[in-house]
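Any read-out appearing in this document is the output of simple, stated calculations on the displayed coordinates, not a laboratory observation. Values in this document were obtained by computation on a predicted structure and should not be read as measured data. Every residue, glycine as well, gets a Cβ built from its backbone with ideal geometry; the counts of neighbours run over all protein chains shown.
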Amino acid sequence: MEKYVYIKKSIAKHFVEFADLLKSEEYNNLGETWQDYEENKWVLLNDKQVEFYQEHPGASPKEVWDRQIIVPVKTLEQAKQEKIWEIISYDSSNAVNEFTIGQQKMWLTVDERQQLATQISANEAVGRGTMTKWFNGTEYTFTIEQWKQMLVAVEVYAGDALNVTESHKAAVNVLDSIEAVEAYDYTTNYPPKLVF
C-alpha cells in the first residue's frame, strides 16, 4: 500500500504519512515548495525525498527536502573546548599520572598522598625507623626518610605536571584558528616520570 509523506512546519514531528493524497477541497493550505513549508502549508514529498527520509529517519525537514545531511560547522570555541577536554583527559591518564617503584607502575591521588603523609608522620612520631605500605597487592618497606623523599618527589612531579597541563590549556585558548587548535600537541613538556 502506497503512503504519501507530507511535511508541515507546525506539527511536532514535521513528517506525516497518509494513505491517500490530501485534497485541496479538504485542505486549503496545500503547497509545493520549500517556501510553502516555511509558510506552514502541507507539502508533499516526492519519491526521492521519501526514500531519503526512510534512509535517514532522524533527518530534518530541510535535509530531506534537499536530500543532503547538513554537517554542522565547528566553531573556534567548540574546537578549543574539545581540545581542552582532550588535555584534561590526558592529564588524568597514566600517560602523566604514573611513577614506578621497582617494576610496579602506580599513582597516588592528592588524597592518597595526604593519607601517606599522615601515616609517615604518625610512624615517625612513635619512633619507627621504617614503615610498610601495600600498593596494588605488593608490600613495600622503606625507611621513614625514604618515604618522605619519595612523597616529596611525587608531590613536586604532580605540581610540575599540573603546571604543564594548565600552560597547554592557556596556549589553546589564545589560538585563532580551528586548524591550529586541532593540530596543537598537548603531550609535550611534561616532566620525566619518576622511577624509585
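Would you mind working out the magnitude of the charge dipole of the stretch 4-66 relative to its Cα centre, with +1 at each Lys and Arg C-beta and -1 at each Asp and Glu C-beta, to the nearest 20 Debye?
Computed about the Cα centre, the dipole is about 200 debye.
Can you match Cα extents along the principal axes in Å to one of these, [x] 41, 39, 33; [y] 99, 39, 27; [z] 52, 44, 31, based on a calculation from the structure here?
[y]
Can you work out ³J(HN,Hα) from phi for every residue in the stretch 159-168, in order, using Karplus 6.51 cos²θ - 1.76 cosθ + 1.60 and θ = phi - 60°, giving whole Hz and x for Gly and Pro?
Result, ordered by residue: x, 5, 5, 4, 4, 5, 4, 5, 5, 5 Hz.
Determine the sum of side-chain charges near Val96: Lys and Arg each +1, Asp and Glu each -1, restricted to other residues whose C-beta is under 11 angstrom from that of Val96.
Its environment carries a net charge of -2.
Could you name the aspartates and glutamates whose alpha carbon sits less than 18 Å from that of Lys41, not counting residues in the same chain fewer than 8 places away?
The reachable aspartates and glutamates, counting only those whose Cα sits under 18 Å from Lys41, are Glu17, Asp20, Glu25, Glu26, Glu32, Glu63, Asp66.
Beyond 28 Å between alpha-carbons counts as too far, so tell me which of Lys13/Lys80; Lys105/Lys148; Lys48/Lys80; Lys8/Lys80 fall in that bin. Please report the intermediate quantities before stating the final value.
Working: Lys13/Lys80 34 Å; Lys105/Lys148 19 Å; Lys48/Lys80 39 Å; Lys8/Lys80 38 Å.
Beyond 28 Å between Cα atoms: Lys13/Lys80; Lys48/Lys80; Lys8/Lys80.
Tabulate in residue order the Karplus-calculated ³J(HN,Hα) for the stretch 125-137, using 6.51 cos²θ - 1.76 cosθ + 1.60 with θ = phi - 60°, rounded to whole Hz; enter x for Gly and Pro.
After applying 6.51 cos²θ - 1.76 cosθ + 1.60, I find 5, 8, x, 6, x, 10, 9, 10, 9, 9, 10, 6, x Hz.
Enumerate the calculated ³J(HN,Hα) couplings along the stretch 100-108 in order (Karplus 6.51 cos²θ - 1.76 cosθ + 1.60, θ = phi - 60°), each rounded to whole Hz, writing x wherever the residue is Gly or Pro.
Coupling constants for the stretch 100-108: 10, 10, x, 9, 8, 8, 7, 8, 10 Hz.
Tell me which of Asn123, Gln68, Trp134 sits at the most positive position along the dipole axis of the chain, charges placed on C-beta atoms (Lys, Arg +1; Asp, Glu -1).
Towards the positive end, the residue furthest out is Asn123.
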